[in-house]
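Asker: Okay, handing you the structure first.
The values are calculated or read from the model by the stated rules, or taken from the named source; none is laboratory data. Everything numeric in this text was worked out from a predicted model, so none of it was measured. Note that we place each Cβ from the backbone using ideal geometry, even for glycine, and neighbour counts take in every protein chain shown. Remember, those area values only see protein heavy atoms, side chains included, never the ligands or the DNA or RNA. Shrake-Rupley method; radii C 1.70, N 1.55, O 1.52, S 1.80 Å.
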Amino acid sequence: LKKHGSSSTYILVLFVSVTSLATISFDRMMGVVRPFHQHLKKWKSLTIIIIIWVSSATMAVPWAVYRVYTVHIWKDLTQTICGEKDKIHIWWTVGIIVLTWLPL
């Protein structure tokens with residue numbers, strides 16, 4: 001039976017991916033709207049990357065805290081099920097707002 005990575009890692013990668021795509025889209029939009037604007041310098045780009053990773057890691061913490069793993073041992077199979085505690089629905093709402101509505 002293969003062991004897969006934790007779901008909080010998947011959430012972290014999801015947040016980083018979506019935030020990075022939103023940042024790239026914003027930069028491309030600025031290139032179209034203001035074609036002569038000053039492009040980002042290397043240190044500004046690194047700062048934005050660090051901010052994306054730190055904010056995404058901070059947002060992914062609740063998924064690491066509120067996850068529940070249950071192991072069912074059957075006759076010929078060991079099954080691991082990932083579930084969520086009660087308060088995680090609040091963080092799903094926050095995640096959706098931050099990842100979809102805020103970038104708009």
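Asker: For the chain, what is the accessible area per residue in Å² when the probe is 1.4 Å? Intermediate values should be presented prior to the final figure.
Answerer: Values: 8400 Å² over 104 residues.
Here the per-residue accessible area is 81 Å².
Asker: Computed from these coordinates, which is Rg and Dmax of the Cα atoms in Å: (i) 20.8, 78; (ii) 18.7, 67; (iii) 24.6, 83?
Answerer: So the structure-derived entry is (ii).
Asker: On to the next question. Taking the chain as a Gaussian network, where each spring joins two C-alpha atoms under 10 Å apart, which residue of 15, 26, 36 fluctuates the most?
Answerer: 36
Asker: Can you list the HN-Hα couplings for region 83-93, worked out from phi with the Karplus curve (6.51, -1.76, 1.60; θ = phi - 60°), rounded to whole Hz and with x for Gly and Pro?
Answerer: In residue order, the calculated couplings are x, 10, 7, 4, 7, 5, 4, 5, 6, 5, 5 Hz.
Asker: A further question follows. How do the peptides 66-75, 86-95 rank, highest first, by the average count of neighbouring beta carbon atoms within 10 Å per residue?
Answerer: Numbers: 66-75: 9.8, 86-95: 12.7.
Highest mean packing first, the order is 86-95, 66-75.
Asker: Heavy atoms of the protein only, probe of 1.4 Å, neighbouring chains included. What is the accessible area of residue 52 in Å², nearest 10?
Answerer: For residue 52, solvent-accessible area is about 20 Å².
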